[in-house]
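See structure below.
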Amino acid sequence: MTLGTAAFLKARSPTSTRSVTALPTRRCRIPDEPPIVTGSRPRGIWTGTSQITHKTCLIVLFTDKLHFHHDYFCVSGVSAAEWGVNYSPSHLCALQDSTVTIGCIYKYPSTKYQIMKVFWNIDQVKHDDREFADLFNNSEYSQRLQYLGDKQQNCTVRLSHVTKKDEHQYYFRFTTNGTGGRWIGIPGVRLSVTDLQLVSPERVTEGDSVRLTCNSSCKLTDTPTFIWYRNSHTLTNIGDELNIRSVSRTEAGHYSCGVQGQTYISPAVYLNVTYAPDTPVISISGSAVIMSGDSVTLSCSSDSNPPAEINWFKGNKALDSGRIFNISDDSGEYKCRVRNDHGVKYSVAVILNVQYPPRNVSVSIVVSGQLWSDSVGLMCISDSNPPALSFSWFEENQSSAVGSGQSFSAVQSGRFYCEAHNPHGAQRSDAVTVTVQQHAERNIIITATSGGLFIIVVIIMFAIVSKRKSRSIEI
């Protein structure tokens, strides 16, 4: 029979539906190998005689510009305008591990034919030379594919937990009870599956403005609402961009993005926020009382990124470097300095007070300045920290103390020493020899001296008187 018009599926934009368009037909026989043509549209529709059934049929040749394949099919004894499959949309972009719904409507001469079988196929793969493979029989799809349509007009299908392996061209196929009453919806629906990739600067400085972007390899079909995570905690920001006007150190961390309502989350990217050192703090390990000979550890702590270089000073003298500094017997004022690419800071100085028992104890004789004295003053001198709190005086070869206090007056001759005490110990000095003149001896000396002076005075006076008498006689 002669067909005045015929229908084919015309490719439009990736998001459009497939529409039915009328074209003039030609009469021909079905070629054993139809010519390969290129382009995004069907290039030929013919009516001819089937070499198998010898009946008039419609031949449609279609070439997909993406895959450069061709196919043709026959529909016998009816107008081609009564047959067709429409997809909406024609291209799907789905997020990995999400669920996609492929909208589909088909038509056929329902008054003449009855639907016997409906199924979906990928890439027009055939399991034999005669029929396309049913996707529901594919073990990789059977548990994830759900047919939502019917055997009348709706051919919608749902595919869950999609992965990159599901990227194919999907076709709807139906067969009727009539000879040659079969149809496959060419060119089908293209499914693309994307993951999410977060784009972020590797390093920023505190106070900078920062932009993080959540990217996909194709534009998601369902308008997504992007959500953001920092260290696995959901942020309030939404959108495919996360903008931080003035980033702080507390906003450093592992960032990732996802789509609201979906389980897939992008691989995390670490946002590294650098900043100058805070003012360092020195801590002292061990007891509050530092004894001479003990090992004392000083620690310098400061928050900075990148980590700061640490140096130690005693007064203005540079010492060692590193966070830890060990000393054992050196009192003084210590401080540390921290420095990185963004700044330098000094700590408050700490005074290290090393304590020790009395040492270098000695006795000093105090000169009074008097010609004669009943005693000799002695002073006990020592080096200790804290200073010696008590002193004891001893005469050599005697077990009992003869005095106390830092100073002592010896009233008799002998060898004397002192002993200094503080909370950490005691030390005695070497003995010194002291000579004290006794009171009786001093009186004898004084008497003898006084008598001698009297005799001298008498002699002088006698001489003067004698001289005067001599002058008187001469007159």
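Side notes on the structure shown:
- Farthest towards the positive end of the charge dipole of segment 281-352, among the residues N340, S301, M291, is the Cα of N340, using unit charges on the Cβ of Lys, Arg, Asp and Glu.
- Entries in K126/K165; K126/K219; K107/K219; K126/K151 that, when Cα-Cα distance is taken, lie over 24 Å: K126/K219; K107/K219
- Each residue in W120, W183 was given a count of other beta-carbon atoms within 10 angstrom of its own, and listing them fewest first yields W183, W120.
- Computed E for S142/N243 - FRET, C-beta separation, R0 56 angstrom, nearest 0.05: 0.80
- Cα-based shape type of segment 153-207, given that a ≥ b ≥ c are square roots of the gyration tensor eigenvalues and the cut on a/c is 1.5: prolate
- Residue order for T221, T234, fewest other beta carbons within 10 angstrom first, comes to T234, T221.
- For segment 333-352, the residues whose backbone nitrogen is under 18 Å from a point 7 Å from the Cα of D208, taken along Cα to Cβ, are 340-343.
FYI, it's all coordinate maths here, none of it is from the lab. Small disclaimer: the values here were computed from a predicted structure and weren't measured. Cβ atoms come from the backbone with ideal geometry, glycine included; neighbour counts cover every protein chain shown.
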